[in-house]
1. Among the Cys residues of chain A, which have no other cysteine Cβ under 4.7 angstrom away?
2. Restricting to lysines 8 or more places apart or on different chains, can you count the pairs in the stretch A:160-301 with Cα atoms under 16 Å from each other?
3. For chain B, what's the radius of gyration and Dmax over Cα atoms, in angstrom?
4. Can you quote the Å³ per residue value for the convex hull of the Cα atoms in the stretch A:350-392, rounded to an integer?
5. Per residue of B:29-37, how many C-beta atoms from partner chains lie within 10 Å of its own C-beta, taken as a mean?
6. Among residues other than A:Arg210 whose Cβ falls under 9 Å from its Cβ, what is the net charge (Lys/Arg +1, Asp/Glu -1)?
7. So if the hydrodynamic radius of the stretch A:366-484 is defined as the Kirkwood radius over C-alpha pairs, what does Stokes-Einstein give as its diffusion coefficient at 4 °C and 1.567 mPa s, in µm² per second?
8. From the alpha carbon gyration tensor of the stretch A:412-455, can you work out the equivalent ellipsoid semi-axes (sqrt of 5 times each eigenvalue) and give them in Å, largest to smallest?
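The values are calculated or read from the model by the stated rules, or taken from the named source; none is laboratory data. Bear in mind that the values here come from a model prediction, so they are computed numbers and not experimental data. Methodologically, a virtual Cβ is constructed for each residue, glycine included, from the backbone with ideal geometry; neighbour enumeration extends over all protein chains shown. When the accessible area is computed, the model is the full protein with side chains, heavy atoms only, and any ligands, DNA or RNA have been set aside. Shrake-Rupley method; radii C 1.70, N 1.55, O 1.52, S 1.80 Å.
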Amino acid sequence: MTNVYDKLDKKQAWAKAGGRNSPRAAKWLEGRMFVRDRIQALLDGEPEFEDGLLAGSEKDVPADAVVTVIGSVLGRKVAIIANDFTTKAGTWGYQTFLKITRFQELALQLKIPLIYLVDSAGARIDEQKQCFLGRRAWGNIWFNQVKISGAIPQICVLFGPSPAGAAYIPGLCETVIMVDKQATAYLGSPRMVHMAIGEEISEEDLGGARMHCAVSGLGDILVKSDAEAIEVTKRYLAFMPQSYLERPAVVADTGKASPPDLREVIPVNEKLPFDMKIVIDAIADDDSVLEHKALFAKEIVTSFVRIGGMGVGVVANNSKFKGGVLFNDSSDKAARFIWLCNAFSIPLLFLQDISGYMIGSSAEKAGIIRHGAKLLSAVCEATVPRITVLVRKAYGGGYLGMAGAPTQPDAMLALPTAMPALVGPETAINAIHFNHIQALPEAERAAFVAKKREEYAEDIDVFTAAADPFAVEAVVHPNELRKELIQRFRAYSLKTPVVYEKRNPIHPV
Amino acid sequence: MKTIKSPMAGSVWKIVATVGQEIDYGDTILILESMKMEIPVEADSAGRIVKFLVAEGDVVDDGVVLAELA
(Lines give C-alpha, C1' and ligand atoms only; values in the text may rest on other atoms or scores of the structure.)
Protein backbone atom coordinates (compact mmCIF):
# COMPACT_ATOMS: atom_id res chain seq x y z
CA MET A 1 0.00 0.00 0.00
CA THR A 2 1.26 3.47 -0.88
CA ASN A 3 2.35 5.54 2.05
CA VAL A 4 -0.20 8.40 2.04
CA TYR A 5 2.28 10.82 3.56
CA ASP A 6 4.79 10.14 0.82
CA LYS A 7 2.02 10.49 -1.68
CA LEU A 8 1.10 13.91 -0.28
CA ASP A 9 4.70 15.13 -0.39
CA LYS A 10 5.16 13.86 -3.90
CA LYS A 11 1.96 15.34 -5.24
CA GLN A 12 2.58 18.71 -3.60
CA ALA A 13 6.14 18.93 -4.88
CA TRP A 14 5.00 17.97 -8.37
CA ALA A 15 2.20 20.57 -8.34
CA LYS A 16 4.48 23.31 -7.01
CA ALA A 17 7.10 22.68 -9.68
CA GLY A 18 4.52 23.35 -12.40
CA GLY A 19 6.19 23.04 -15.76
CA ARG A 20 9.38 24.84 -14.72
CA ASN A 21 11.60 21.80 -15.25
CA SER A 22 10.57 21.19 -18.82
CA PRO A 23 13.20 21.97 -21.49
CA ARG A 24 10.92 24.54 -23.11
CA ALA A 25 10.38 26.36 -19.80
CA ALA A 26 14.11 26.88 -19.26
CA LYS A 27 14.34 29.08 -22.33
CA TRP A 28 11.09 30.86 -21.55
CA LEU A 29 12.27 31.63 -18.02
CA GLU A 30 15.29 33.56 -19.31
CA GLY A 31 14.58 37.12 -18.17
CA ARG A 32 11.27 36.09 -16.62
CA MET A 33 10.32 34.88 -13.16
CA PHE A 34 8.55 31.59 -12.43
CA VAL A 35 5.02 32.14 -11.12
CA ARG A 36 5.87 31.14 -7.55
CA ASP A 37 8.91 33.42 -7.55
CA ARG A 38 6.69 36.33 -8.60
CA ILE A 39 4.36 35.57 -5.71
CA GLN A 40 7.28 35.24 -3.32
CA ALA A 41 8.72 38.59 -4.45
CA LEU A 42 5.38 40.31 -3.93
CA LEU A 43 4.68 38.86 -0.51
CA ASP A 44 6.45 39.70 2.75
CA GLY A 45 7.26 36.02 3.28
CA GLU A 46 5.82 32.67 2.31
CA PRO A 47 2.16 32.57 1.24
CA GLU A 48 -0.01 32.08 4.32
CA PHE A 49 -2.09 29.42 2.59
CA GLU A 50 -2.86 28.08 -0.84
CA ASP A 51 -6.09 26.66 -2.26
CA GLY A 52 -6.41 24.07 -5.00
CA LEU A 53 -2.78 23.02 -5.19
CA LEU A 54 -3.85 19.53 -6.19
CA ALA A 55 -6.50 20.66 -8.68
CA GLY A 56 -5.86 19.28 -12.14
CA SER A 57 -3.57 16.51 -10.89
CA GLU A 58 -5.90 13.81 -12.22
CA LYS A 59 -5.45 15.14 -15.74
CA ASP A 60 -1.74 15.69 -15.21
CA VAL A 61 -1.85 19.52 -15.19
CA PRO A 62 -0.05 20.89 -12.08
CA ALA A 63 -2.43 23.13 -10.09
CA ASP A 64 -4.38 23.38 -13.37
CA ALA A 65 -1.93 26.12 -14.38
CA VAL A 66 -3.04 28.69 -11.79
CA VAL A 67 -1.80 29.44 -8.28
CA THR A 68 -4.20 30.96 -5.74
CA VAL A 69 -2.77 32.09 -2.42
CA ILE A 70 -3.43 34.44 0.48
CA GLY A 71 -0.46 36.31 1.89
CA SER A 72 0.70 39.69 3.18
CA VAL A 73 2.18 42.64 1.32
CA LEU A 74 3.79 45.21 3.61
CA GLY A 75 1.81 43.73 6.47
CA ARG A 76 -1.57 43.76 4.72
CA LYS A 77 -3.46 40.69 3.60
CA VAL A 78 -4.07 40.24 -0.13
CA ALA A 79 -5.44 37.52 -2.40
CA ILE A 80 -3.39 36.50 -5.42
CA ILE A 81 -4.49 34.66 -8.55
CA ALA A 82 -1.44 33.86 -10.68
CA ASN A 83 -1.19 31.98 -13.98
CA ASP A 84 1.66 29.52 -14.48
CA PHE A 85 2.80 29.94 -18.07
CA THR A 86 5.14 26.96 -17.83
CA THR A 87 2.12 24.69 -17.45
CA LYS A 88 0.06 24.41 -20.64
CA ALA A 89 0.95 28.04 -21.44
CA GLY A 90 -1.10 29.16 -18.44
CA THR A 91 -4.34 28.29 -20.22
CA TRP A 92 -7.66 28.03 -18.43
CA GLY A 93 -9.32 24.66 -17.95
CA TYR A 94 -12.29 23.74 -15.79
CA GLN A 95 -10.42 23.65 -12.46
CA THR A 96 -8.57 26.86 -13.38
CA PHE A 97 -11.87 28.65 -13.68
CA LEU A 98 -13.17 27.12 -10.43
CA LYS A 99 -10.03 28.23 -8.61
CA ILE A 100 -10.15 31.74 -10.04
CA THR A 101 -13.83 32.34 -9.28
CA ARG A 102 -13.52 30.81 -5.80
CA PHE A 103 -10.69 33.23 -5.01
CA GLN A 104 -12.56 36.23 -6.36
CA GLU A 105 -15.46 35.38 -4.05
CA LEU A 106 -13.10 34.84 -1.12
CA ALA A 107 -11.31 38.19 -1.63
CA LEU A 108 -14.68 39.95 -1.68
CA GLN A 109 -15.83 38.17 1.48
CA LEU A 110 -12.60 39.01 3.29
CA LYS A 111 -12.57 42.58 1.89
CA ILE A 112 -8.93 42.40 0.84
CA PRO A 113 -7.24 43.53 -2.40
CA LEU A 114 -7.20 41.03 -5.24
CA ILE A 115 -4.13 40.88 -7.46
CA TYR A 116 -4.18 39.05 -10.77
CA LEU A 117 -0.69 38.05 -11.95
CA VAL A 118 -1.64 37.30 -15.54
CA ASP A 119 0.39 35.21 -17.96
CA SER A 120 -1.95 32.99 -19.93
CA ALA A 121 -2.59 31.92 -23.50
CA GLY A 122 -6.34 32.05 -22.74
CA ALA A 123 -9.01 29.39 -22.73
CA ARG A 124 -8.19 25.71 -23.25
CA ILE A 125 -10.16 24.75 -26.34
CA ASP A 126 -10.22 21.04 -25.46
CA GLU A 127 -12.13 21.86 -22.26
CA GLN A 128 -14.60 24.30 -23.82
CA LYS A 129 -17.64 22.02 -23.55
CA GLN A 130 -17.53 22.17 -19.76
CA CYS A 131 -16.37 25.76 -19.57
CA PHE A 132 -17.91 28.06 -22.13
CA LEU A 133 -21.67 28.04 -22.23
CA GLY A 134 -23.22 27.26 -18.87
CA ARG A 135 -24.11 29.39 -15.89
CA ARG A 136 -20.96 28.13 -14.18
CA ALA A 137 -18.41 28.87 -16.86
CA TRP A 138 -15.37 31.00 -17.72
CA GLY A 139 -17.56 34.07 -18.14
CA ASN A 140 -18.22 34.05 -14.39
CA ILE A 141 -14.70 35.46 -14.00
CA TRP A 142 -15.77 38.74 -15.59
CA PHE A 143 -19.16 38.65 -13.91
CA ASN A 144 -17.30 38.51 -10.59
CA GLN A 145 -14.87 41.24 -11.60
CA VAL A 146 -17.75 43.60 -12.27
CA LYS A 147 -19.45 42.64 -8.99
CA ILE A 148 -16.21 43.24 -7.10
CA SER A 149 -15.25 46.49 -8.86
CA GLY A 150 -15.09 49.38 -6.41
CA ALA A 151 -15.53 47.14 -3.35
CA ILE A 152 -11.95 45.90 -3.15
CA PRO A 153 -8.94 46.95 -5.22
CA GLN A 154 -8.47 44.74 -8.29
CA ILE A 155 -5.04 45.05 -9.85
CA CYS A 156 -3.89 43.27 -12.96
CA VAL A 157 -0.18 42.75 -13.46
CA LEU A 158 0.28 41.57 -17.02
CA PHE A 159 3.54 39.66 -17.38
CA GLY A 160 2.72 37.89 -20.62
CA PRO A 161 -0.22 37.29 -22.92
CA SER A 162 -3.90 37.68 -22.11
CA PRO A 163 -5.64 37.12 -25.43
CA ALA A 164 -9.26 37.07 -26.61
CA GLY A 165 -11.77 36.76 -23.75
CA ALA A 166 -8.93 36.75 -21.23
CA ALA A 167 -8.16 40.31 -22.33
CA TYR A 168 -11.18 41.40 -20.32
CA ILE A 169 -9.33 40.61 -17.11
CA PRO A 170 -7.13 43.70 -17.61
CA GLY A 171 -10.14 45.36 -19.23
CA LEU A 172 -12.13 45.08 -16.00
CA CYS A 173 -9.40 45.79 -13.45
CA GLU A 174 -9.01 49.39 -12.36
CA THR A 175 -5.26 49.33 -12.77
CA VAL A 176 -3.13 47.39 -15.23
CA ILE A 177 0.64 47.17 -14.91
CA MET A 178 2.29 45.83 -18.09
CA VAL A 179 5.78 44.46 -18.67
CA ASP A 180 7.27 45.97 -21.83
CA LYS A 181 7.97 43.53 -24.67
CA GLN A 182 6.34 40.64 -22.75
CA ALA A 183 2.74 41.58 -22.02
CA THR A 184 0.16 41.47 -24.81
CA ALA A 185 -3.60 41.74 -25.00
CA TYR A 186 -5.80 41.55 -28.06
CA LEU A 187 -9.19 40.13 -28.95
CA GLY A 188 -7.97 38.47 -32.15
CA SER A 189 -4.42 37.16 -32.59
CA PRO A 190 -2.26 38.33 -35.54
CA ARG A 191 -3.12 35.05 -37.30
CA MET A 192 -6.83 35.52 -36.72
CA VAL A 193 -6.63 39.17 -37.82
CA HIS A 194 -4.94 38.09 -41.02
CA MET A 195 -7.62 35.47 -41.71
CA ALA A 196 -10.57 37.70 -40.89
CA ILE A 197 -9.61 41.09 -42.30
CA GLY A 198 -6.39 40.53 -44.24
CA GLU A 199 -4.26 42.79 -42.07
CA GLU A 200 -0.59 41.87 -41.56
CA ILE A 201 0.57 42.98 -38.12
CA SER A 202 3.04 41.88 -35.48
CA GLU A 203 1.91 40.79 -32.05
CA GLU A 204 3.74 43.74 -30.47
CA ASP A 205 2.12 46.34 -32.74
CA LEU A 206 -1.29 44.71 -32.42
CA GLY A 207 -1.45 44.40 -28.65
CA GLY A 208 1.94 45.03 -27.06
CA ALA A 209 2.37 46.63 -23.66
CA ARG A 210 3.71 49.91 -25.05
CA MET A 211 0.83 50.23 -27.50
CA HIS A 212 -1.69 49.69 -24.72
CA CYS A 213 0.02 52.11 -22.33
CA ALA A 214 0.52 54.87 -24.93
CA VAL A 215 -2.29 54.46 -27.46
CA SER A 216 -5.28 52.33 -26.42
CA GLY A 217 -5.20 53.31 -22.75
CA LEU A 218 -5.79 49.74 -21.53
CA GLY A 219 -2.43 49.77 -19.71
CA ASP A 220 -1.80 52.16 -16.82
CA ILE A 221 1.84 51.64 -15.88
CA LEU A 222 4.55 50.36 -18.23
CA VAL A 223 7.48 48.60 -16.58
CA LYS A 224 10.68 47.04 -17.89
CA SER A 225 10.79 43.73 -16.03
CA ASP A 226 8.95 41.26 -13.82
CA ALA A 227 10.84 42.60 -10.80
CA GLU A 228 9.88 46.20 -11.55
CA ALA A 229 6.24 45.15 -12.03
CA ILE A 230 6.24 43.71 -8.53
CA GLU A 231 7.89 46.80 -7.00
CA VAL A 232 5.34 49.08 -8.68
CA THR A 233 2.49 46.85 -7.48
CA LYS A 234 3.69 47.31 -3.89
CA ARG A 235 3.94 51.10 -4.31
CA TYR A 236 0.46 51.21 -5.83
CA LEU A 237 -1.03 49.03 -3.08
CA ALA A 238 0.32 51.43 -0.46
CA PHE A 239 -2.05 54.11 -1.81
CA MET A 240 -5.06 51.77 -1.60
CA PRO A 241 -7.19 50.81 1.40
CA GLN A 242 -8.13 47.14 1.94
CA SER A 243 -11.64 47.88 0.69
CA TYR A 244 -14.11 50.69 0.15
CA LEU A 245 -15.05 50.41 3.83
CA GLU A 246 -11.65 51.64 4.96
CA ARG A 247 -9.54 54.70 4.33
CA PRO A 248 -6.02 54.40 2.90
CA ALA A 249 -3.21 54.51 5.45
CA VAL A 250 -1.57 57.88 6.10
CA VAL A 251 2.21 57.61 6.40
CA ALA A 252 4.80 59.89 7.97
CA ASP A 253 5.38 63.15 6.10
CA THR A 254 8.77 62.78 4.42
CA GLY A 255 8.72 66.51 3.67
CA LYS A 256 10.05 68.41 0.69
CA ALA A 257 13.79 68.81 0.60
CA SER A 258 14.38 71.50 -2.03
CA PRO A 259 11.23 72.76 -3.76
CA PRO A 260 11.69 74.82 -6.92
CA ASP A 261 10.53 78.44 -6.95
CA LEU A 262 7.18 77.98 -8.66
CA ARG A 263 7.13 81.64 -9.69
CA GLU A 264 9.87 80.71 -12.14
CA VAL A 265 8.00 77.63 -13.39
CA ILE A 266 4.57 79.02 -14.28
CA PRO A 267 4.70 81.54 -17.16
CA VAL A 268 2.29 84.44 -16.72
CA ASN A 269 1.82 84.56 -20.49
CA GLU A 270 -1.10 82.16 -20.88
CA LYS A 271 -0.05 81.13 -24.40
CA LEU A 272 3.24 79.62 -23.26
CA PRO A 273 3.27 75.94 -22.33
CA PHE A 274 5.00 74.64 -19.21
CA ASP A 275 5.41 71.28 -17.53
CA MET A 276 2.77 70.89 -14.81
CA LYS A 277 4.63 67.86 -13.49
CA ILE A 278 7.13 70.27 -11.92
CA VAL A 279 4.28 71.81 -9.94
CA ILE A 280 3.07 68.35 -8.86
CA ASP A 281 6.58 67.41 -7.75
CA ALA A 282 6.87 70.66 -5.83
CA ILE A 283 3.76 70.04 -3.73
CA ALA A 284 4.23 66.28 -3.22
CA ASP A 285 6.27 64.67 -0.45
CA ASP A 286 9.71 63.65 -1.70
CA ASP A 287 9.75 60.48 -3.85
CA SER A 288 6.03 59.94 -3.47
CA VAL A 289 4.72 60.45 -7.02
CA LEU A 290 3.26 57.40 -8.80
CA GLU A 291 1.92 58.43 -12.19
CA HIS A 292 -1.05 56.58 -13.66
CA LYS A 293 -1.28 56.42 -17.46
CA ALA A 294 1.91 58.47 -17.90
CA LEU A 295 2.18 57.68 -21.62
CA PHE A 296 -1.50 58.07 -22.54
CA ALA A 297 -3.24 61.43 -23.21
CA LYS A 298 -0.31 63.35 -21.77
CA GLU A 299 -2.23 66.63 -21.90
CA ILE A 300 -3.70 65.59 -18.57
CA VAL A 301 -1.66 64.15 -15.73
CA THR A 302 -3.14 61.67 -13.25
CA SER A 303 -0.84 60.78 -10.37
CA PHE A 304 -0.99 59.35 -6.88
CA VAL A 305 1.10 61.49 -4.57
CA ARG A 306 1.52 62.01 -0.86
CA ILE A 307 0.95 65.45 0.57
CA GLY A 308 1.96 65.60 4.21
CA GLY A 309 1.85 61.79 4.28
CA MET A 310 -1.72 61.58 3.01
CA GLY A 311 -2.34 59.81 -0.30
CA VAL A 312 -3.98 62.14 -2.83
CA GLY A 313 -5.02 61.64 -6.46
CA VAL A 314 -3.91 64.56 -8.63
CA VAL A 315 -5.65 65.49 -11.88
CA ALA A 316 -3.73 68.23 -13.68
CA ASN A 317 -3.77 69.90 -17.09
CA ASN A 318 -0.36 69.83 -18.72
CA SER A 319 0.04 72.55 -21.34
CA LYS A 320 3.35 70.97 -22.38
CA PHE A 321 1.29 68.52 -24.47
CA LYS A 322 -1.46 69.61 -26.86
CA GLY A 323 -1.74 72.85 -24.91
CA GLY A 324 -3.32 70.96 -22.00
CA VAL A 325 -6.63 71.00 -23.87
CA LEU A 326 -9.21 68.35 -22.93
CA PHE A 327 -9.79 65.74 -25.66
CA ASN A 328 -11.80 62.50 -25.61
CA ASP A 329 -8.89 60.46 -24.30
CA SER A 330 -7.90 63.03 -21.68
CA SER A 331 -11.50 63.23 -20.46
CA ASP A 332 -11.74 59.43 -20.24
CA LYS A 333 -8.41 59.18 -18.47
CA ALA A 334 -9.36 61.76 -15.86
CA ALA A 335 -12.89 60.38 -15.36
CA ARG A 336 -11.68 56.87 -14.69
CA PHE A 337 -8.98 58.08 -12.30
CA ILE A 338 -11.59 60.08 -10.38
CA TRP A 339 -13.86 57.02 -10.14
CA LEU A 340 -10.92 55.00 -8.85
CA CYS A 341 -9.95 57.56 -6.20
CA ASN A 342 -13.53 58.14 -5.13
CA ALA A 343 -14.21 54.40 -4.81
CA PHE A 344 -11.30 53.99 -2.43
CA SER A 345 -11.58 57.18 -0.36
CA ILE A 346 -8.54 58.85 -1.89
CA PRO A 347 -8.88 62.67 -1.77
CA LEU A 348 -8.61 64.53 -5.07
CA LEU A 349 -6.57 67.54 -6.09
CA PHE A 350 -7.27 69.33 -9.38
CA LEU A 351 -4.65 71.65 -10.87
CA GLN A 352 -6.27 73.81 -13.54
CA ASP A 353 -4.58 75.38 -16.52
CA ILE A 354 -7.22 74.79 -19.10
CA SER A 355 -8.24 76.71 -22.18
CA GLY A 356 -11.17 74.35 -22.70
CA TYR A 357 -12.41 71.18 -24.27
CA MET A 358 -11.22 70.75 -27.86
CA ILE A 359 -13.47 72.37 -30.45
CA GLY A 360 -13.83 71.99 -34.21
CA SER A 361 -15.53 69.52 -36.52
CA SER A 362 -13.14 66.62 -35.85
CA ALA A 363 -13.65 66.93 -32.11
CA GLU A 364 -17.42 67.21 -32.42
CA LYS A 365 -17.68 64.20 -34.73
CA ALA A 366 -15.54 62.17 -32.37
CA GLY A 367 -18.00 62.94 -29.57
CA ILE A 368 -16.21 65.48 -27.40
CA ILE A 369 -19.53 66.36 -25.71
CA ARG A 370 -20.14 62.75 -24.64
CA HIS A 371 -16.60 62.33 -23.35
CA GLY A 372 -16.57 65.76 -21.75
CA ALA A 373 -19.85 64.94 -20.02
CA LYS A 374 -18.26 61.77 -18.66
CA LEU A 375 -15.58 63.82 -16.94
CA LEU A 376 -18.13 66.30 -15.59
CA SER A 377 -20.21 63.42 -14.31
CA ALA A 378 -17.24 61.82 -12.52
CA VAL A 379 -16.27 65.15 -10.94
CA CYS A 380 -19.79 65.97 -9.78
CA GLU A 381 -20.29 62.51 -8.29
CA ALA A 382 -17.03 62.51 -6.32
CA THR A 383 -17.66 62.77 -2.59
CA VAL A 384 -14.09 62.40 -1.31
CA PRO A 385 -12.29 65.52 -0.04
CA ARG A 386 -11.60 67.57 -3.14
CA ILE A 387 -9.54 70.72 -3.68
CA THR A 388 -9.23 72.63 -6.93
CA VAL A 389 -6.34 75.00 -7.57
CA LEU A 390 -6.54 77.56 -10.36
CA VAL A 391 -2.95 77.58 -11.51
CA ARG A 392 -3.41 79.70 -14.63
CA LYS A 393 -6.14 79.54 -17.28
CA ALA A 394 -9.60 78.36 -16.26
CA TYR A 395 -11.90 78.89 -19.20
CA GLY A 396 -15.38 77.78 -20.13
CA GLY A 397 -16.47 74.15 -19.86
CA GLY A 398 -12.91 73.12 -19.05
CA TYR A 399 -13.19 75.07 -15.78
CA LEU A 400 -16.19 72.92 -14.83
CA GLY A 401 -14.74 69.62 -16.10
CA MET A 402 -11.69 70.31 -13.97
CA ALA A 403 -13.81 70.69 -10.84
CA GLY A 404 -14.62 74.40 -10.86
CA ALA A 405 -16.51 76.00 -7.97
CA PRO A 406 -20.03 75.04 -9.18
CA THR A 407 -19.06 71.34 -8.91
CA GLN A 408 -18.76 71.85 -5.13
CA PRO A 409 -15.14 71.16 -4.26
CA ASP A 410 -14.31 71.54 -0.57
CA ALA A 411 -12.00 74.38 -1.49
CA MET A 412 -11.30 76.48 -4.52
CA LEU A 413 -7.81 77.94 -4.30
CA ALA A 414 -6.07 80.21 -6.77
CA LEU A 415 -2.50 81.18 -7.45
CA PRO A 416 -1.95 84.85 -8.32
CA THR A 417 -1.38 83.75 -11.95
CA ALA A 418 -4.96 82.41 -12.21
CA MET A 419 -7.27 83.69 -14.96
CA PRO A 420 -10.77 82.30 -14.47
CA ALA A 421 -13.30 83.34 -17.11
CA LEU A 422 -15.96 82.11 -19.48
CA VAL A 423 -13.56 82.75 -22.36
CA GLY A 424 -10.05 84.16 -22.75
CA PRO A 425 -9.36 87.78 -23.80
CA GLU A 426 -8.98 87.11 -27.54
CA THR A 427 -12.24 85.26 -27.94
CA ALA A 428 -14.10 87.60 -25.62
CA ILE A 429 -13.16 90.84 -27.37
CA ASN A 430 -13.93 89.37 -30.75
CA ALA A 431 -17.35 88.26 -29.52
CA ILE A 432 -18.33 91.37 -27.54
CA HIS A 433 -17.08 94.00 -29.99
CA PHE A 434 -17.44 92.17 -33.31
CA ASN A 435 -19.74 94.74 -34.96
CA HIS A 436 -17.78 97.68 -33.63
CA ILE A 437 -14.48 96.19 -34.86
CA GLN A 438 -15.96 95.61 -38.30
CA ALA A 439 -17.17 99.23 -38.46
CA LEU A 440 -13.75 100.65 -37.59
CA PRO A 441 -11.34 101.67 -40.34
CA GLU A 442 -8.86 98.85 -41.02
CA ALA A 443 -5.92 100.82 -39.60
CA GLU A 444 -7.54 101.37 -36.20
CA ARG A 445 -8.72 97.81 -35.53
CA ALA A 446 -5.53 96.28 -34.13
CA ALA A 447 -5.00 99.02 -31.58
CA PHE A 448 -8.62 98.90 -30.46
CA VAL A 449 -8.55 95.13 -30.03
CA ALA A 450 -5.25 95.21 -28.12
CA LYS A 451 -6.57 97.87 -25.72
CA LYS A 452 -9.82 96.01 -25.08
CA ARG A 453 -7.98 92.71 -24.55
CA GLU A 454 -5.75 94.28 -21.96
CA GLU A 455 -8.74 95.73 -20.11
CA TYR A 456 -10.46 92.35 -20.25
CA ALA A 457 -7.38 90.50 -18.98
CA GLU A 458 -7.20 92.87 -16.01
CA ASP A 459 -10.89 92.32 -15.36
CA ILE A 460 -10.65 88.50 -15.24
CA ASP A 461 -7.61 88.36 -12.98
CA VAL A 462 -7.81 86.36 -9.82
CA PHE A 463 -8.18 89.29 -7.49
CA THR A 464 -11.53 90.08 -9.06
CA ALA A 465 -12.53 86.43 -8.61
CA ALA A 466 -11.40 86.48 -4.98
CA ALA A 467 -13.51 89.53 -4.29
CA ASP A 468 -16.56 87.39 -5.04
CA PRO A 469 -16.79 85.26 -1.88
CA PHE A 470 -18.09 82.23 -3.77
CA ALA A 471 -15.45 82.06 -6.50
CA VAL A 472 -12.33 81.19 -4.52
CA GLU A 473 -11.71 80.47 -0.88
CA ALA A 474 -8.17 81.82 -0.94
CA VAL A 475 -5.44 83.19 -3.18
CA VAL A 476 -2.22 81.42 -2.29
CA HIS A 477 1.42 82.13 -3.10
CA PRO A 478 2.65 79.18 -5.19
CA ASN A 479 5.50 78.50 -2.80
CA GLU A 480 3.01 78.29 0.09
CA LEU A 481 0.69 75.92 -1.76
CA ARG A 482 2.06 72.67 -0.34
CA LYS A 483 1.58 73.86 3.24
CA GLU A 484 -1.91 75.14 2.48
CA LEU A 485 -2.89 71.80 0.89
CA ILE A 486 -1.59 69.73 3.80
CA GLN A 487 -3.66 71.72 6.28
CA ARG A 488 -6.79 71.74 4.17
CA PHE A 489 -6.68 68.03 3.27
CA ARG A 490 -6.23 67.15 6.94
CA ALA A 491 -9.30 69.20 7.79
CA TYR A 492 -11.50 68.03 4.92
CA SER A 493 -10.71 64.39 5.62
CA LEU A 494 -12.95 64.79 8.68
CA LYS A 495 -16.04 65.10 6.54
CA THR A 496 -18.51 62.28 6.09
CA PRO A 497 -19.05 61.38 2.44
CA VAL A 498 -22.52 61.98 1.07
CA VAL A 499 -24.19 58.90 -0.37
CA TYR A 500 -26.99 59.42 -2.86
CA GLU A 501 -29.76 56.86 -2.83
CA LYS A 502 -30.56 55.53 -6.25
CA ARG A 503 -29.64 52.51 -8.32
CA ASN A 504 -27.13 54.09 -10.68
CA PRO A 505 -26.74 57.33 -12.57
CA ILE A 506 -26.85 56.93 -16.33
CA HIS A 507 -23.24 57.71 -17.07
CA PRO A 508 -22.28 59.40 -20.31
CA VAL A 509 -19.61 57.30 -22.05
CA MET B 1 9.68 57.52 -44.95
CA LYS B 2 9.31 58.80 -41.40
CA THR B 3 6.87 61.63 -40.91
CA ILE B 4 5.91 64.09 -38.22
CA LYS B 5 2.18 64.56 -37.85
CA SER B 6 0.08 67.28 -36.31
CA PRO B 7 -0.98 66.33 -32.78
CA MET B 8 -4.16 68.42 -33.02
CA ALA B 9 -6.12 70.83 -35.20
CA GLY B 10 -4.75 74.36 -35.38
CA SER B 11 -2.69 76.69 -37.54
CA VAL B 12 1.04 76.66 -38.21
CA TRP B 13 2.37 79.66 -36.34
CA LYS B 14 6.12 79.33 -36.74
CA ILE B 15 8.44 76.82 -38.41
CA VAL B 16 11.57 76.61 -36.28
CA ALA B 17 13.60 73.84 -37.95
CA THR B 18 14.97 73.97 -41.51
CA VAL B 19 15.07 71.58 -44.42
CA GLY B 20 18.24 69.48 -44.30
CA GLN B 21 18.58 69.88 -40.53
CA GLU B 22 19.47 66.83 -38.45
CA ILE B 23 17.03 66.56 -35.59
CA ASP B 24 16.83 64.37 -32.54
CA TYR B 25 13.91 62.74 -30.75
CA GLY B 26 12.04 65.47 -28.88
CA ASP B 27 13.37 68.43 -30.90
CA THR B 28 10.75 71.04 -31.74
CA ILE B 29 10.28 71.42 -35.49
CA LEU B 30 7.42 73.90 -35.56
CA ILE B 31 4.92 75.61 -33.33
CA LEU B 32 1.20 75.38 -33.89
CA GLU B 33 -1.30 77.82 -32.57
CA SER B 34 -4.45 76.16 -31.30
CA MET B 35 -6.99 76.89 -28.61
CA LYS B 36 -5.10 80.15 -27.90
CA MET B 37 -2.02 78.15 -26.97
CA GLU B 38 1.38 77.69 -28.53
CA ILE B 39 1.78 73.99 -29.23
CA PRO B 40 5.38 72.94 -29.91
CA VAL B 41 5.45 69.96 -32.27
CA GLU B 42 8.31 67.61 -31.44
CA ALA B 43 9.95 64.93 -33.53
CA ASP B 44 9.03 61.44 -32.34
CA SER B 45 12.15 59.98 -33.93
CA ALA B 46 15.57 61.23 -35.02
CA GLY B 47 16.42 62.03 -38.65
CA ARG B 48 17.07 64.70 -41.27
CA ILE B 49 14.24 66.94 -42.40
CA VAL B 50 13.61 66.28 -46.09
CA LYS B 51 10.74 68.68 -46.53
CA PHE B 52 7.90 70.52 -44.86
CA LEU B 53 4.44 69.87 -46.24
CA VAL B 54 2.98 72.98 -44.60
CA ALA B 55 3.81 76.68 -44.49
CA GLU B 56 3.35 79.26 -41.75
CA GLY B 57 -0.29 80.28 -41.58
CA ASP B 58 -1.64 76.98 -42.92
CA VAL B 59 -4.59 75.48 -41.11
CA VAL B 60 -4.02 71.81 -40.29
CA ASP B 61 -6.19 69.05 -38.90
CA ASP B 62 -5.25 66.42 -36.37
CA GLY B 63 -2.97 63.78 -37.95
CA VAL B 64 -1.91 65.81 -41.01
CA VAL B 65 1.69 65.17 -42.08
CA LEU B 66 3.74 68.30 -41.33
CA ALA B 67 7.21 67.16 -42.35
CA GLU B 68 9.06 64.19 -43.78
CA LEU B 69 12.25 62.82 -42.29
CA ALA B 70 14.95 60.64 -43.77
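1. Taking the Cβ cut-off of 4.7 Å, the unpaired cysteines of chain A are A:Cys131, A:Cys213, A:Cys341, A:Cys380.
2. Numbers: A:Lys181/A:Lys224; A:Lys224/A:Lys234; A:Lys224/A:Lys293; A:Lys256/A:Lys277; A:Lys277/A:Lys293; A:Lys277/A:Lys298.
Lysine pair count for the stretch A:160-301: 6.
3. So, for chain B, Rg and Dmax equal 10.8, 32 Å respectively.
4. Cα-based convex hull of the stretch A:350-392, divided per residue, equals 60 Å³.
5. On the way: counts 0, 0, 1, 2, 2, 7, 19, 13, 13.
Across B:29-37, the average partner-chain Cβ count within 10 Å equals 6.
6. Working: positive: A:Lys181; negative: A:Asp180, A:Glu204.
Here the charged neighbours net out to -1.
7. Answer, rounded: 81 µm²/s.
8. Working: eigenvalues 147, 24, 5 Å².
Its equivalent ellipsoid spans semi-axes of 27, 11, 5 Å.
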